[in-house]
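These notes concern the structure reproduced below.
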Amino acid sequence: MIKFSNVSVDYPYSEGLSNVNVEFKDKEFAFVLGPTGSGKSTLLRLIYMDIYPTNGRVDVKNWSSKKITARKIRKLRKNIGIVFQDFRLIQNLSVFENVALPLIINGYPRKYIKRKVEAILDEIGLLNSLRQKAGTLSKGEAQRVGIARAVVKNPFVILADEPTGNLDPDSSVTVFNLLRKINKLGTAVIMATHDYLLIKDAPNRRILMDNGKILKK
């Protein structure tokens, strides 16, 4: 599904990568582990082609970093869900509006959007909060809304970049279990984290990174 071939990224002021070779399979749940600055976020950004390799190639299903165009990037991102550490919700919009936004942008009918968003909010236990402003949510609630927004467009993969980094232990467990549930329903999840305690008993594949290199995969 996703393949890195001899990928390097030169960053003068940020984390880079050095000759990375790794593959992610369809429908798998994989952890990308390592300390801050090890290259985890860069790896994820390359998948949704927010940045490009300095050398090497990234293939995501039928898209390639070597020949992708701006138009094709938009199509690629319609099929990828992204969950950020800092949530990135629009604070003055409601929970419903934040989750619905990707569908609105992509031109789905109102009835479909209402049905889809309400079903997802019900699934994550926030249906009763659908009119609440995002800025009034707890951090745990905000991250659940962030996950709902990522899932609402039926992506083939969720990229979760330190999704529990700003959460308390109980909220972290809730968010992690939600991602596991999404994966069991058939969506691949690639989760970058340094919260080793949270995932210590999880059986999923671990990709260890340090200083822009993969130490184990």
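Quick check on segment 101-128: of everything there that is free of Cβ contacts under 8 Å to residues at least 24 places away in the same chain and among the β-branched types (Val, Ile, Thr), which residue is nearest to Val152 (Cα to Cα)?
Per the criteria, the residue is Ile113.
Output the residues belonging to segment 175-217 that are in contact (Cβ under 8 Å) with a residue 12 or more places away in the chain, assigned to a helix (DSSP H, G or I) and basic (Lys, Arg).
Scanning segment 175-217 gives a single hit, Arg180.
Taking segment 129-146 only, how many residues are assigned to a helix (DSSP H, G or I), aliphatic (A, V, I, L, M) and without any contact (Cβ under 8 Å) to a residue 40 or more places away in the chain? It would help to see each step written out before you state the result.
Of segment 129-146, the ones assigned to a helix (DSSP H, G or I) are 129, 134-136, 139-146.
From what is left, the residues that are aliphatic (A, V, I, L, M) are 134, 142, 145.
Retained after the next criterion (residues that are without any contact (Cβ under 8 Å) to a residue 40 or more places away in the chain): none.
Here the count works out to 0.
Restricting the search to segment 46-92, which residues are among the charged types (D, E, K, R) and touching a residue at least 60 places away in the same chain (Cβ under 8 Å)?
Lys61, Lys78, Asp86
Suppose the filter is among the charged types (D, E, K, R), part of a helix (DSSP H, G or I) and out of contact with any Pro (no Cβ under 6 Å at 6 or more places or on another chain); does Arg88 pass it?
no
Regarding segment 150-161, can at least one residue be identified that is among the acidic types (Asp, Glu) and either touching a His at 6+ places or on another chain (Cβ under 8 Å) or assigned to a helix (DSSP H, G or I) (or both)?
Within segment 150-161, none of the residues are among the acidic types (Asp, Glu) and either touching a His at 6+ places or on another chain (Cβ under 8 Å) or assigned to a helix (DSSP H, G or I) (or both).
Search segment 125-164 for residues being surrounded by fewer than 19 Cβ atoms within 10 Å (Cβ to Cβ) and within 25 Å of Lys27 (Cβ to Cβ), and hand back the single one that is nearest to the chain's Cα centre (by Cα).
Phe156
Before we move on, is Phe29 touching a strand residue (DSSP E or B) at 6+ places or on another chain (Cβ under 7 Å) and aromatic (Phe, Trp, Tyr)?
Spelling it out, Phe29 is indeed touching a strand residue (DSSP E or B) at 6+ places or on another chain (Cβ under 7 Å) and aromatic (Phe, Trp, Tyr).
Read the figures in this text as sums done on the coordinates, not as results from a lab. Just so it is clear, the structure is predicted and the values come from calculations on it, not from any experiment. Here Cβ is always computed from backbone atoms with ideal geometry, including for glycine, and neighbour counts include all displayed protein chains.
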